[in-house]
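The values are calculated or read from the model by the stated rules, or taken from the named source; none is laboratory data. It should be emphasised that the depicted structure is a prediction, and the values quoted were computed from it without experimental measurement. Reconstructed Cβ throughout: ideal geometry from the backbone, glycine too, with neighbour counts over all protein chains shown. Just so you know, the surface numbers come from the protein's heavy atoms only, side chains and all, with ligands and any DNA or RNA stripped out. Shrake-Rupley method; radii C 1.70, N 1.55, O 1.52, S 1.80 Å.
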Amino acid sequence: MTTPTIDPIRLAVPSKGHLYEGVVEILKTAGYKVRRASDRQYEATIAGHPRFHVVFMRPTDIVTQVEEGRCHLGVTGMDLFAERAAESAKTTVVVPDLGYGGCRLVVAVPESWIDVSHIIDLVDLTAEFKASGKTFRVSTKYSALTQAYFRKWGIYYYQLIDSDGALELHPSLGIADVIVDLTSSGTTLKDNRLREIEGGTVLDSASCLIGHAPGLAALAAEGETGPLALLLDAMDGVRASEGWLHLEVVGSPAAPGPETAATVAAYLRDQGAQHIARGEVWDDQSAPGWRVTALVAAKRLTACQRRLFELGANRVVGLPTRFVFDRDGHSTFDSLKARLLELGERAGY
């Protein structure tokens, strides 16, 4: 008797850089450790999940491979996907922000342009260039996003200069007048005597998870215990736990139980703690005590611990959280399934 063949689920991951490192760490924490022997290996498996097949490629190629259905899922930058969105009829965004790789696509002008402080100033400036017979030049790697954004503000008189090089040099070299490029801290722009202008944010970007809608529809049909649902649920749990500690505050048996526990709970609530619960405990001598548990921001714990002892705590324990699931929390799988149903009805798959 032959064993039926089960089609692999292909996950495209950037081959290197912060986009690679971030998603591999999320997957590992979620229980999906990528087995990759070296950075020269372009295919890998996931330990304990033989259905998944990982392929490594450039973030720009990932958008193409997901759109063409060769990969079911892919991790890339939202900026790269948004630039190709008009061509990506069969691609859907599964998770718009994976929690790392944050940056902005911005319009940057030379620092010496003291009269240009807002995007609306470019409307008049480009008109002045046109009236004097000059061409206003804009260097960018994101022509589609730039054109759409300029159109929104009524900016029409300019020439786009596509480039894959270091755009920050273009104004000083006379290649372009302004640039539209990615920035996170703004340091590189400042170091090259450029600055952002007000209203000049074209797009807020971060690492994102995209998917081939027809392929995901078939996987979603396998239900809540299928591999797609389990992966997305695990990633939800990991992302919801980031930055939180599971706090346990145990009260001294000598301190009044319910009253002190209530005071501790109120204090933690004021400190931004979530999911606070109170209960009774007994020590090894069967003496009664109290316990308060909560989720607390990791950066807040050391600032809280002395006050908790003053309130009557006998022990304060903060444990790393790996997963957090909330009954009323967001479910990526549920929202994706509903969206795929709607997309399928429109596209007929």
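Does segment 100-129 hold any residues that are crowded, with 16+ Cβ neighbours inside 10 Å and either within 22 Å of the chain's Cα centre (by Cα) or among the polar types (S, T, N, Q) (or both), and which are they?
Gly101, Cys103, Arg104, Leu105, Val106, Thr126 - these are the residues of segment 100-129 that are crowded, with 16+ Cβ neighbours inside 10 Å and either within 22 Å of the chain's Cα centre (by Cα) or among the polar types (S, T, N, Q) (or both).
Can you tell me which residue among Trp244, Trp290 is closer than 30 Å to Leu216 by Cβ and touching a residue at least 40 places away in the same chain (Cβ under 8 Å)?
Only one candidate passes the filter, namely Trp244.
Just the residues that are under 18 Å from Gly329 (Cα atoms) and touching a Lys or Arg at 6+ places or on another chain (Cβ under 7 Å), please, taken from segment 239-258.
The one that is under 18 Å from Gly329 (Cα atoms) and touching a Lys or Arg at 6+ places or on another chain (Cβ under 7 Å): Ser241.
One residue is enough: does segment 238-251 have a residue meeting the conditions open to solvent by less than 20 Å² (accessible area, probe 1.4 Å), touching a His at 6+ places or on another chain (Cβ under 8 Å) and closer than 30 Å to Leu19 by Cα?
Within segment 238-251, not a single residue is open to solvent by less than 20 Å² (accessible area, probe 1.4 Å), touching a His at 6+ places or on another chain (Cβ under 8 Å) and closer than 30 Å to Leu19 by Cα.
Do we find that Met57 is hydrophobic (A, V, I, L, M, F, W, C), at pLDDT 95 or above and either open to solvent by 60 Å² or more (accessible area, probe 1.4 Å) or in contact with a Cys (Cβ under 7 Å, 6 or more places away or on another chain) (or both) in this structure?
No: the conditions fail for Met57.
If I filter segment 61-98 down to residues being in contact with a Gly (Cβ under 8 Å, 6 or more places away or on another chain) and assigned to a loop (DSSP other than H, G, I, E, B), which single residue comes out as most open to solvent (accessible area, probe 1.4 Å)?
Lys90
Show the residue pairs meeting these rules: Cβ distance below 6 Å; 6+ apart or different chains; first residue within segment 155-178 and within 20 Å of Asp121 (Cα to Cα); second residue in a loop (DSSP other than H, G, I, E, B).
Correct list of pairs: Tyr158/Phe136; Gln159/Thr135; Asp177/Phe136.
Taking segment 3-43, which residues are crowded, with 19+ Cβ neighbours inside 10 Å and more than 22 Å from Val238 (Cα to Cα)?
Within segment 3-43, Ser15 is the sole residue that qualifies.
How do the pairs read when you match residues in segment 189-210 that are within 26 Å of Lys16 (Cα to Cα) with residues anywhere that are open to solvent by 50 Å² or more (accessible area, probe 1.4 Å) and not in a strand (DSSP E or B), using Cβ under 6 Å and keeping only pairs 6 or more apart or on different chains?
Going by the 6 Å Cβ cut-off, the qualifying pairs are Ala206/Asp97; Ala206/Gly102; Cys208/Pro96.
Can you spot a residue in segment 180-189 that is more than 24 Å from Phe81 (Cα to Cα), open to solvent by 40 Å² or more (accessible area, probe 1.4 Å) and at pLDDT below 95? Give the derivation first.
Initial filter on segment 180-189 (more than 24 Å from Phe81 (Cα to Cα)): 187.
With open to solvent by 40 Å² or more (accessible area, probe 1.4 Å) added as a condition, the list becomes 187.
Going one step further and asking which of them are at pLDDT below 95, we end up with 187.
Yes, segment 180-189 contains at least one residue that is more than 24 Å from Phe81 (Cα to Cα), open to solvent by 40 Å² or more (accessible area, probe 1.4 Å) and at pLDDT below 95.
If a residue must be in a helix (DSSP H, G or I), open to solvent by less than 50 Å² (accessible area, probe 1.4 Å) and either touching a Lys or Arg at 6+ places or on another chain (Cβ under 9 Å) or modelled with pLDDT under 95 (or both), how many such residues does segment 259-276 contain? First the steps, then the outcome.
Initial filter on segment 259-276 (in a helix (DSSP H, G or I)): 259-270.
Cutting the leftovers down to open to solvent by less than 50 Å² (accessible area, probe 1.4 Å) gives us 260-262, 264-268.
Adding the requirement that they be either touching a Lys or Arg at 6+ places or on another chain (Cβ under 9 Å) or modelled with pLDDT under 95 (or both) leaves 260-262, 264-265, 267.
Of the residues in that region, 6 qualify.
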